[in-house]
Ligand SMILES: Cc1ncc(COP(=O)(O)O)c(C=O)c1O
């Protein structure tokens, strides 16, 4: 890999832009009374839950653990089926397997690239217990239809909000629709830590208590396990950093949305499919994902950008059902759209600190590729 002055995402730029505040937050934990859970974690849990519009936040070690604990807390385990997408980070499916349940994969709606509720319906069996809606790339999944469907079939709706901090459906934030929702604060996320971090959020006080138990050995007091649990606590250094960054999240989202609008304005006439934002939805552009007409064009464009020092990513080059760990081992619906997206998607650089100049360079280099093609 060469040197890429322009990355798809740049968490280091995010740190440097807020360095004095972040350094002070880290120091406050280093000088504080203890290094496990404590005030910094409790404060960030309360702040983030309030931001999402729910009553409880339970900080955990990463987004995968957040999904795993969310599934465990709603009683999902061996013999239960959980329906989600193949067009996602593998972590969504990893978490289902961690809970001992069976993942079942549905194809996505080509417009929003999120789970197609009609296709979920076809996959439901008596063993189905939950649906995980992934708000992929920062666009909310079809929440209205999914809530109705889950209601009709007695299923639990779990939201995977790893890419959708601050995204809205009908002016309500993602993470406030399902019985329980999981967030990742992986460094490149819209709200990113400087290491691993995650959170489960819910409005249900019983679920919240259960989650607090199982993130720490099932302890309801020190050295006393009420139920079997795990160790997946949010690190207080990360919590303190995240409290600082949360204050800037809305401004960062506004910058992401402005950059996305500008990409559309500059590139929409090219033979590339632009991301859409549904009416009533607020897209937070965790990733700005375009589709080329075929794999050859996508790979050619990516190569061309790399030669110019622009590292455009692919999210994701393989559906989960196409990866050796899961291929042939999972029940799925038709996977036509998922397999097509794996061949055609390209994530253009987009993060709050991306300068107008660098954004302009990316636009020009993308144009140049298609002009040279003619
Ligand atoms: C959609 C989705 N779900 C789950 C995760 C898992 O989060 P983490 O990497 O914090 O475990 C991620 C991020 O990697 C993700 O993008």
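Some notes on this structure:
- Two-decimal ratio, segment 208-304, of alpha-carbon radius of gyration to 2.2 N^0.38 Å: 1.75
- Each of the peptides 234-241, 308-315, 351-358, 209-216 was scored by the mean count of other Cβ atoms within 10 Å over its residues; in descending order, highest first, they stand as 234-241, 209-216, 308-315, 351-358.
- The calculated FRET efficiency for the pair residue 225 and residue 373, based on their C-beta separation and a Förster distance of 51 Å, comes to about 0.20.
- Legend: ranking of residues 169, 219 from fewest to most surrounding C-beta atoms inside 10 Å; resulting order 219, 169.
- Cα gyration tensor shape for the chain, rounded if a/c is under 1.5, else prolate or oblate: oblate
- The chain, relative contact order [Cα under 8 Å, separation at least 6], %: 23 percent
- With the biggest extent put first, the Cα atoms of segment 1-108 measure 49, 43, 25 Å across the principal axes.
- Packing rank of 130-136, 94-100, 13-19, where each peptide gets the mean count of other beta carbons within 10 Å, highest leading: 130-136, 94-100, 13-19
- Alpha carbon centroid spacing (whole Å) that separates segment 2-45 from segment 53-94: 25 Å
- With the highest mean first, a sort of the peptides 25-37, 153-165 on other beta-carbon atoms found within 10 angstrom per residue produces 153-165, 25-37.
- Between residue 322 and residue 90, the modelled labels are 1.4 nm apart [label points 7 Å from Cα along Cα→Cβ].
- Length-normalised contact order of segment 249-373 in % [C-alpha pairs under 8 Å, at least 6 apart]: 34 percent
- Solvent-free Debye calculation, one equal scatterer per alpha-carbon of segment 273-370: log10 I(q)/I(0) at 0.24 Å⁻¹ equals -1.28.
- Extension reserve of the residue 39-residue 307 stretch, reckoned as 0.36 nm per residue once the Cα distance is removed: 91.7 nm
- With the Kirkwood sum run over all distinct C-alpha pairs, segment 160-241 has a hydrodynamic radius of 13.9 Å.
- Approximating the spin labels as points 7 Å out from Cα along Cα→Cβ, the residue 16-to-residue 364 distance works out to 2.1 nm.
- Label-to-label distance for residue 118 and residue 299 is 3.3 nm, based on points extended 7 Å past Cα in the beta-carbon direction.
- Between segment 221-253 and segment 301-370, the alpha-carbon center distance in angstrom: 31 Å
The numbers here are math on the coordinates, done by the rules we state, and not lab data. Here the structure is a predicted model, which means the values were calculated and not measured. Methodologically, a virtual Cβ is constructed for each residue, glycine included, from the backbone with ideal geometry; neighbour enumeration extends over all protein chains shown.
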